[in-house]
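K.L.:
The structure's right below; bear with me while I get my questions together.
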Amino acid sequence: MNDTDEAIQQGAPTVATVGAVLAVDIGSLYTRAAMFDVVGDEYRFVARSSANSTAEGPNNDVTAGVYNAVRELEQVTGRKLTEETRLLMPQRTDGTGIDLFIATTSAAPALRLVVAAVSGDISGESAMRAARSTYTQLVSSITLDEGLLELPTEEEVLFNTAATAWLQNEGDKLLALPPDVVLMSGGVDNGPVAPLVRLATAISGAAREQGRRAEEAARVNKSAPGMPLVIFAGNHAALERVAQALAPVSEIIETANVRPTLDTEQIAPAANALAKLYKERRMPEVTGYSVLSRWVEGSIVPTAEAERLIARYLYHHYGRETLLVDVGATSTSLMLANAERDEAVVLGDMGLAYGMANLLAQRGPANILCWLPFEMSADDLTDWVLNKVVRPWGLPQTARDLALEHALAREALIAGMSALQGGVPSPGRNGSGSAPSMRYDLLVGTGGLLAHIPRPGQAALLLLDALQSTGEGLGSVELALDTTMLIPALGNLAQHHLAAASYIFDRDCLVWLGTAIVPRGYLLENRKAAGGTPPTAVTITVERKRGESETVEIPYGSITVIPLRPDQRAALTVKPAPGFRIGNGEPGKTVKTEPGQEVKGGLVGLIVDARGRPFELPADADVRRGSIRRWWSALDALPTGETFQTGPFAPPEPAPPTNGAEPPDALPTSETAPAEAQGGEAQAAHDADSQGANP
Amino acid sequence: MSLYYPIPQPTIAANILVRRERRLPVPGEVLVRAGQRVEPSDVVAQSTLSLEPVHINVAADLDLSASAASKRMLVNTGALVERGQVIAQRGGFGTRVSRAPVAGVLSNYDPSTAIAVITMPSEPVSAQAHLKGIVTDLIPYYGAIVETPATLVRGVFGVGGEQHGVLKVITAGSDEAITPDLIDAKVTYAIALGGGEVTAEALRRMIELGARGVIAGSIRSRELANFLGYPGARQADHEPPTGMGWERYWRLGAGTVGSNGWVFPPAVPGISSPVPPDFVLIVMEGFGSVPMCPRTFELMAAYDGQEVAIDGTTRLRGGLARPEIIIPLARTTAVRWLEESGPRLAVGTQVRLLSPSYLGQMAQVLGLPVGPRAAQSGVISPVADVALAATGQKLRVPLVDIEVLE
């Protein structure tokens, strides 16, 4: 734990002694600059700007993008920050220049990683969790129990062909997608050594071949990944023999065993070793990195590390159990900080521009298509995704393009959530798997897609659909967006001036979407619409002012917004129907807010998500699209009259459903909230009155 | 968001001076001199590529002493070995083998150390000019720089590397698809130009007839996957019930080829591509069934019958590379430097739309509103108001979704 972590945990104030701060975040597509300064007698966010990242040709130097973003910041603020091509430092008495320049980046390519474990479901899973804590791309995994799936016959044992075939097979698997790093795990401390030696033999053969291929490529001026290095996070008694078996791999990093005993897990040492490798090996590969690292105070910080610090801050400083999610162009990150876990999942190759092909490849078109309110073929989706991959900087032109991006973002978050839950199947998809406890009561979204989302309701629904929040702890979840994309900058600033960072975070960072109440539980298919109308899942009495209350019954399968402005709070009495529960309460038990703990409103309002947990999308395509349209309309996420028909890919008009379901556009009144309560265009997200409340 | 243009290089750059380096991967002999005129098929430099012999520690592989390992050698010195062939084996309980990591000749075996040496045959390598032009500079021992006045057109992605040939227009317009019935003997040794989408069947027919390359408006992803031999991509293939079919092969960033695997389209590990290495496909607009932008098609079609140089190399990150078509012009053509021909966005300019819904359509800029505004989708960004050339429909488009045409 570093000094900043300790300071965050103790809530210790830090005396800020600097004036203007310039913080840049260099992504794979965009470079964002933010400026903070003393306004009156307090630190505040002044302005932000954005320019295209220039890591690739023709510039081949990220500093060009930083310079463009800073020049734009000069135009926005009217303040001189540069002199010729240099930053004006320190700040002068007339206000020009800056005192501190800091940077975060997610532009470096992810570490290509192979997890090699003795057992896929014990040491392999722990290693996988360590691997996903920083920007890595898991290219493949090898486990010994995979090799034992087919037991060799007696004859095979005699000539040992099964074992050699396994070694050859695993070696080929490693060579097909050559890794930078092999993370080896397995065995409890002082357990058997032989399985790890066998694993090391497989890695050694492949590593030698990979090294040879790299040498061959270098001779003809081509590049190929050289011999991988090995992080050994297994039984330490085996280290000496493993190191011998691993020859010719010379770089072996030894960290604590990820599974010292069968029922304990320690992933932090292996995760730290990977984070260090990413910083030392991958980040310097960003073109212009060396120049930029001379400009900045301290070191350049990976964006996910800065974001994780903010999640920790929210938990330790405010006691808010927090899930922070970032859907970026190349990667997707989720940071969870609660009483039991402080964990990050970074899917280094899944995002909404460069990472979109991987997202499609790993999640499959069927999963993505089921989030669309219109019909589309898997082939058309693949064409659409690949067009975005070859032109990654494009923005959605039509509502149809936007819906597709949002569907892909949902799947990226589902993949992240699945990894955070430890690799169990995604919740809600055809009833597979049950989600392990993932407690949080504050959900914060950041990243380009969420920050620039046109309607607040679209963001709220996207987060609820993908993450299936339950409000497991308090019974409700507050939803917020980092529309100014200050989180990476503030996480980084916290390492230099914690007091300034926390002051700005509390006042200028988050925009509140509202509070979600989620009745937990679900109805079996045959009980869903007995008698034609779905049964009530929850009854909520809202008291905005003392003595003025309103009671709303919310039917199962729907999502409803009860108007509650950002500046309003309301006392609630929530009565779940039998079989449903609120938070950790008993099924059917009424829950009331305590005085002083009234729920917060937001740009969307008070959201009651009565779709069930885990919720399943209807299997029938027409019924599903109808439900999606109703949910979108309920949260004002669907522009009035939108048919998604624009452009040459326009689908035929959907046939009216014949199975008794409501037509797609018929909106039950209970789900339609007054327009004024539901925010509007994204500019509203910047209204001063929507900000300024701390978490 | 900035008004800075994402790719400050135009799709079409007419009458510019193109300089291309032709370089050997290893030192060799340069066969041209400065000032010399070269034809596309001329060899600029040549050498031989002798690969380092591979050393195998048989004793370590078998986990035996050198003398014990020597007794278990299965292949004699001087014999040809295949990649993966077992050259020594220790039998019985705890069997281990030593395999040849490459194909070649087992040229030496030292019984005192149990080190086997495999030598691979040397291969000739050469650098072709690929371009009709003049040698302006020599790179001693490696190659030369060839220069020519030319019109340069950039595509969005391609398959294959560098190639040259005579341009043959095979479709009547920018929106006509390239179908197998349009392909006849005239494409042999030529670079075929078609306006609409191209199918895998048409591409295979071109290869059969000996075409060197194709420039097409678009291709459906399934057709490209089918052409590249991705398993399960043929229309007749049964879709797996999970929906995880051929789409999984589009995985990027993990591949074996340099630049961290960002070469596009990705090669599938373990599957050899059925596409001949010297065949080049360049796609101008993207995936789906999208006609080529009429301006681009007409410009290229005007050079029907002329020698052109094409390069299909596409890399999305780690050294951005886009496919290009170089149409050499007469030496007397007045040219300018590429930097001066950067796009200028102004009211009245002709632009090409890039968002999937309007991909490849031409439009005219009607206005450039100040500051970020909401586009049709509601996303707020710097925008341009344009009118579609085909229908006159007025749209508000994010600036990043348009490309200025000269």
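K.L.:
List A:MET335, A:MET35 from most exposed to least, where exposure is judged by having the fewest other Cβ atoms within 10 Å.
P.N.:
The order, fewest Cβ neighbours first, is A:MET35, A:MET335.
K.L.:
Cross-link list A:LYS276/A:LYS388; A:LYS388/B:LYS132; A:LYS545/A:LYS592; A:LYS80/A:LYS279; A:LYS173/A:LYS388; A:LYS388/A:LYS600: which exceed 26 angstrom alpha carbon to alpha carbon?
P.N.:
On the way: A:LYS276/A:LYS388 32 Å; A:LYS388/B:LYS132 35 Å; A:LYS545/A:LYS592 15 Å; A:LYS80/A:LYS279 32 Å; A:LYS173/A:LYS388 30 Å; A:LYS388/A:LYS600 38 Å.
Correct reply: A:LYS276/A:LYS388; A:LYS388/B:LYS132; A:LYS80/A:LYS279; A:LYS173/A:LYS388; A:LYS388/A:LYS600.
K.L.:
Let me ask something additional. Rounded if a/c is under 1.5, else prolate if a/b is larger than b/c, else oblate: which is chain B, with a ≥ b ≥ c the root eigenvalues of its Cα gyration tensor?
P.N.:
prolate
K.L.:
Turning to a different aspect of this structure: If amide H atoms are built 1.01 Å from N in the plane of the peptide, which residues on other chains or at least 5 residues away come under 5 Å of the amide H of A:THR104?
P.N.:
HN-HN under 5 Å from A:THR104: A:VAL24, A:ASP25, A:ILE26, A:VAL301.
K.L.:
Restricting attention to the alpha-carbon atoms of region A:457-575, what are Rg (one decimal) and Dmax (integer), both in Å?
P.N.:
Values for region A:457-575 (Cα only, Rg and Dmax): 18.4, 63 Å.
K.L.:
From the phi angles alone, apply the Karplus equation (6.51, -1.76, 1.60; θ = phi - 60°) to region B:149-155 and give each ³J(HN,Hα) in whole Hz, x where the residue is Gly or Pro.
P.N.:
x, 7, 10, 10, 10, 10, x
K.L.:
Next up: Per residue Cα convex hull volume for region B:8-99, in cubic angstrom? Walk me through the numbers before you get to the answer.
P.N.:
Details: hull volume 22.7 nm³, N = 92.
Hull volume over Cα atoms, normalised by residue count, gives 246 Å³.
K.L.:
Right, something else. Expected output is a single nm value to one decimal: the length gained when fully extending between A:ALA268 and A:ASN169, i.e. 0.36 nm times separation in residues minus the C-alpha distance. What is it?
P.N.:
So the extension gain works out to 32.5 nm.
K.L.:
May I pose another question? Cut-off 10 angstrom, C-alpha nodes, Gaussian network model of chain B. Which of B:LEU203, B:LEU31, B:LEU80 fluctuates the most?
P.N.:
B:LEU80
K.L.:
Now for a separate question. Going toward the positive end of the dipole of the protein assembly as shown, with +1 on Lys and Arg Cβ and -1 on Asp and Glu Cβ, which of A:ALA361, A:VAL62, B:GLY104 do you reach last?
P.N.:
So the residue we want is B:GLY104.
K.L.:
Okay, next question. Which of A:ALA577, A:GLY211, B:GLY288 sits farthest toward the positive end of the charge dipole of the protein assembly as shown, with +1 on the Cβ of Lys and Arg and -1 on the Cβ of Asp and Glu?
P.N.:
A:GLY211
K.L.:
Ignoring everything except DSSP H segments at least 4 long, calculate the 222 nm mean residue ellipticity for chain B; use -39,500 (n - 2.57) per segment, divide by total residues, nearest 500.
P.N.:
Numbers: 5 runs with 35 residues, N = 406.
Mean residue ellipticity at 222 nm (helix-derived): -2000 deg cm²/dmol.
K.L.:
Shape verdict for region B:47-164, please, from the Cα gyration tensor: rounded (a/c under 1.5), prolate (a/b greater than b/c) or oblate.
P.N.:
Cα axes put region B:47-164 in the prolate bin.
K.L.:
Suppose R0 equals 51 Å. What FRET efficiency, 1/(1 + (r/R0)^6) with r the Cβ-Cβ distance, do B:HIS55 and A:ARG507 give to the nearest 0.05?
P.N.:
That gives a FRET efficiency of 0.20.
K.L.:
Continuing with the same structure: What does the C-alpha gyration tensor say about the overall shape of region A:291-418? Classify as rounded when a/c is under 1.5, otherwise prolate if a/b is larger than b/c, or oblate.
P.N.:
It is oblate, given that a/c is not under 1.5 and a/b is not larger than b/c.
K.L.:
Let me know the charge dipole size of region B:101-245 about its Cα centre in debye, to the nearest 20, where only the beta-carbon of Lys, Arg (+1) and Asp, Glu (-1) is charged.
P.N.:
Around 160 debye, computed over region B:101-245.
K.L.:
Going by how many other Cβ atoms sit within 10 Å of their own, how do B:VAL125, A:VAL345, B:VAL102 line up, fewest first?
P.N.:
Fewest-to-most Cβ neighbours within 10 Å comes out as B:VAL125, B:VAL102, A:VAL345.
K.L.:
What are the equivalent ellipsoid semi-axes of the protein assembly as shown, built from the alpha-carbon gyration tensor (square roots of five times its eigenvalues), in whole angstrom, biggest first? Walk me through the intermediate numbers first.
P.N.:
Values: eigenvalues 462, 307, 185 Å².
In descending order the semi-axes read 48, 39, 30 Å.
K.L.:
Mind sorting A:LYS276, B:LYS168 by how few other Cβ atoms lie within 10 Å of their own Cβ, fewest first? Can you show the working numbers first?
P.N.:
Values: A:LYS276 12, B:LYS168 17.
Listed from fewest to most nearby Cβ atoms, that is A:LYS276, B:LYS168.
K.L.:
For the charge dipole of region A:471-554, defined by +1 on Lys and Arg C-beta atoms and -1 on Asp and Glu C-beta atoms about the Cα centroid, which residue among A:LEU490, A:SER476, A:SER502 has the Cα displaced farthest towards the positive pole?
P.N.:
Of the candidates, A:SER476 comes out farthest on the positive side.
K.L.:
I'd like the Kirkwood hydrodynamic radius of region A:200-350, using the inverse of the mean 1/r over distinct C-alpha pairs, in Å.
P.N.:
After inverting the pairwise mean of 1/r, the radius is 18.4 Å.
All of the numbers you see were taken from the coordinates with simple rules; none came from a lab. Keep in mind that this is a model prediction, so the values were computed, not measured. We place every Cβ from the backbone using ideal geometry, glycine too, and count neighbours over all the protein chains shown.
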